[in-house]
Structures are given as structure tokens and as C-alpha cells.
Amino acid sequence: MLKSKTALVTGSTSGIGLAIAKALAAQGANVVINGLGDKDEIEGIRAEIETEHGVVATYDGADMLKPADIARMVRDAAERFGAVDILVNNAGIQHVAAVDEFPDDKWDQIIAINLSAAFHATKAALPGMKKKGWGRVINTASAHALVASPYKSAYVAAKHGIAGFTKSCALEVAQQKITVNAICPGYVWTPLVERQIPDTMKARGMTEDEVKRDVLLAAQPTKEFVTPEQVAAFAVFLCSDAAAQITGALLSMDGGWTAA
Ligand code: NAD
């Protein structure tokens, strides 16, 4: 379905982004993966995508904290492949703490990576999409783009921000066959969620099992984690012609969380 398209997925060395990169490659798209991690492991991921799906996969280590790096990454991808047809703004981090104890540097990093990086990448990618008259921008938002939880003020602020950014961009390019959407997953079992368990245990004075049951899955009526593969399948659908009229949408995939 996506042969001759190129997808750039930020934060795709792990979790949801990696699942999305693999799923787009499985549809024939060339992919640029991005993110932090061990060099050899990343090379293994890149090579596996290429051999498994018969596409070209490249890695770009652009730091989502650095606007110039982000713009350079998009430029390089466009030069290498002709265009970035699909941009998935997915990189994200979390920090759990009360507002009055929230470290200033963590606030700045979360806003930069979870929100501003999407602006910088989209700004750099849209001209190429406009030129080709086709494009897909998919932002990995969160249920926290729609509702809040305590102790996650920066994350919730950034995700609400990406919701507004998604809608505004979608309106700007609505007549150019470019769609801009946000997927809003509930809790997905990835390293990002695993890593916040110790901090949540500390902030709430809970055991690990209590955090999983009473904090994470308490919000999710199905009592099941979303899988990265389910989010990836949704992203693939958003790239299809069937999804051409879905734009500016905040699309929940949260086991019923935001219905409650
Ligand atoms: P993850 O920790 O598994 O992956 C995050 C990715 O972002 C990694 O590839 C990491 O290297 C990359 N990254 C982090 N900082 C970076 C930087 N400075 N520069 C470049 N790359 C950087 O987490 P995940 O759960 O897969 O999260 C992916 C996205 O999904 C995030 O935006 C997150 O907010 C969102 N999300 C996650 C969940 C969940 O429950 N896991 C739920 C809703 C939304």
C-alpha cells in the first residue's frame, strides 16, 4: 500500500515508534528511524527492518531537544528519498512529580521533546508534502491530550498542546491532500510506562502491583494495556486512502478510558 512512500518516525528505536516504523515498512514504505539508544542495537533494528520488509531503512540520531537537528534530519531524509511523505511525531518522555516539586529542566525537556519537536519536524516536512500534493502527519498524542492525571503536569500540558497543534495544522493544509491527526492511546506497555512505575510508587506510596492496578489500569475500563502493534495498525490505516477524510482528529485508542 505504501510502496514509493517514505516515512520518518521520530522516537522509533523503542516502543510505539518502533512498532509504527515496522508496520509502515511492512506496507512497503522506506523508513527513517530516529531515537536514542545503543549504537549496535539500533543498527540491528535498522538492518532487520530492511531485510524483513525489502525496503530502505536509515537511521538518523537527531536529538529532539535541538530544533536545528530536527530540521536537518527532515532535510536529509527528503534529499535521500525525494520526500518525507509520512511524518510520525512520536518521540516522547515522561516525568512524574508534584507541580511544586517538578524539576525545571524536566519541564523544559518534556515540552521540547513531546511538543516543540513536532512543530519543528512538521514545519520542515510540510513544504515537501505540499509540493507532492500528498502527505500524512501523525502525532502520537495520548489520552492525556484529552484528560489529565495528577503528577504529570508537563506531560499533560505538552499532550494538550499537541492536540491543538494537530487541529491547527490540519486546517491549514486541508485542501492539499495532507491529513494531520493525533492518535491518543491509553496505557501502552512500553519502556516509557515501565520506567515511570518507580516514580509513581514513590509519589503515591504504592507497591508496583498497586501502581499497575490502581493507577495505570484503573483508568482503562478494559483493564488491558494497549499494544504498540495496535497503535501501529491504526497509523497504517491513517496512511490509507480510506482515511483521506480523517483530519484534525484526536483519535482515542484507550480501552474506554476517556468514555468514563
Ligand atoms: P519509549 O520510551 O519506548 O520510546 C520513546 C522514544 O523516544 C525512544 O525511541 C527514545 O529514544 C525517543 N526519544 C526520547 N528522547 C529523545 C530525544 N531527545 N531525541 C530523539 N529521540 C528521543 O516510549 P513509548 O511509550 O513508545 O512512547 C512513544 C510515544 O507514545 C510518546 O510520545 C509517548 O508520550 C506516547 N504515549 C505512550 C503511551 C504509553 O502508555 N506507553 C501512551 C500514550 C502515549
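Could you list, in sequence order, the residues of the range 20-63 that are farther than 17 Å from Ala78 by Cα and part of a loop (DSSP other than H, G, I, E, B)?
Gln27, Gly28, Gly35, Leu36, Gly37, Asp38, Gly54, Asp63
Taking the stated definitions as given, is Thr200 touching a residue at least 60 places away in the same chain (Cβ under 8 Å), under 28 Å from Val137 (Cβ atoms), within 16 Å of the ligand (Cβ to nearest atom) and among the hydroxyl-bearing types (Ser, Thr, Tyr)?
Taking the combined requirement at face value, the residue does not satisfy it.
All but one of (1) among the hydrophobic types (A, V, I, L, M, F, W, C); (2) assigned to a loop (DSSP other than H, G, I, E, B); (3) more than 18 Å from the chain's Cα centre (by Cα) hold for Ile93; state the number of the condition that does not hold.
(3)
When you scan the range 64-83, how many residues do you find that are part of a helix (DSSP H, G or I), closer than 23 Å to Ala23 by Cα and of a type in the set (Gly, Ala, Ser)?
Residues meeting the conditions: 2.
In the range 11-25, what count of residues is obtained for those that are surrounded by 24 or more Cβ atoms within 10 Å (Cβ to Cβ), touching a Pro at 6+ places or on another chain (Cβ under 9 Å) and not hydrophobic (A, V, I, L, M, F, W, C)?
1
Answer yes if at least one residue in the range 16-25 is near the ligand (Cβ under 10 Å from one of its atoms), farther than 25 Å from Ala242 by Cβ and at pLDDT 95 or above, and no otherwise.
Within the range 16-25, not a single residue is near the ligand (Cβ under 10 Å from one of its atoms), farther than 25 Å from Ala242 by Cβ and at pLDDT 95 or above.
In the range 95-114, how many residues are crowded, with 22+ Cβ neighbours inside 10 Å and either of a type in the set (A, V, I, L, M) or more than 14 Å from the ligand (Cβ to nearest atom) (or both)?
Count: 2.
Quick check: is even one residue across the range 200-207 over 30 Å from Lys131 (Cα atoms), in contact with a helix residue (DSSP H, G or I) (Cβ under 8 Å, 6 or more places away or on another chain), polar (S, T, N, Q) and surrounded by fewer than 19 Cβ atoms within 10 Å (Cβ to Cβ)?
Yes, the range 200-207 contains a residue that is over 30 Å from Lys131 (Cα atoms), in contact with a helix residue (DSSP H, G or I) (Cβ under 8 Å, 6 or more places away or on another chain), polar (S, T, N, Q) and surrounded by fewer than 19 Cβ atoms within 10 Å (Cβ to Cβ).
Might you let me know whether the range 26-48 holds any residue that is free of Cβ contacts under 8 Å to residues at least 24 places away in the same chain and crowded, with 16+ Cβ neighbours inside 10 Å?
Yes.
Scan the range 188-197 and give yes if some residue there is part of a helix (DSSP H, G or I), modelled with pLDDT of 95 or more, in contact with a helix residue (DSSP H, G or I) (Cβ under 7 Å, 6 or more places away or on another chain) and closer than 30 Å to Gly37 by Cα, otherwise no.
no
With part of a helix (DSSP H, G or I), over 20 Å from Ala112 (Cα atoms) and not aliphatic (A, V, I, L, M) as the only criterion, which of Lys167, Lys159, Lys131 stands out?
Unique residue meeting the criteria: Lys131.
Quick check on Gly92: is it surrounded by 21 or more Cβ atoms within 10 Å (Cβ to Cβ) and among the small types (Gly, Ala, Ser)?
Taking the combined requirement at face value, the residue satisfies it.
Out of the residues in the range 1-10 that are touching a Gly at 6+ places or on another chain (Cβ under 6 Å) and in a loop (DSSP other than H, G, I, E, B), state the one that is surrounded by the most Cβ atoms within 10 Å (Cβ to Cβ).
So the residue we want is Leu2.
It is to be established whether one or more residues within the range 51-66 are within 9 Å of the ligand (Cβ to nearest atom) and surrounded by 19 or more Cβ atoms within 10 Å (Cβ to Cβ).
yes
Let me confirm something: among Ala154, Ala91, which residue is within 16 Å of the ligand (Cβ to nearest atom), of a type in the set (A, V, I, L, M, F, W, C) and within 18 Å of Thr190 (Cβ to Cβ)?
Ala91
The values are calculated or read from the model by the stated rules, or taken from the named source; none is laboratory data. Nothing here was measured: the structure is a model prediction, and the numbers come from that model. Here the Cβ is made from the backbone with ideal geometry for all residues, glycine too, and neighbour counts use every protein chain on show.
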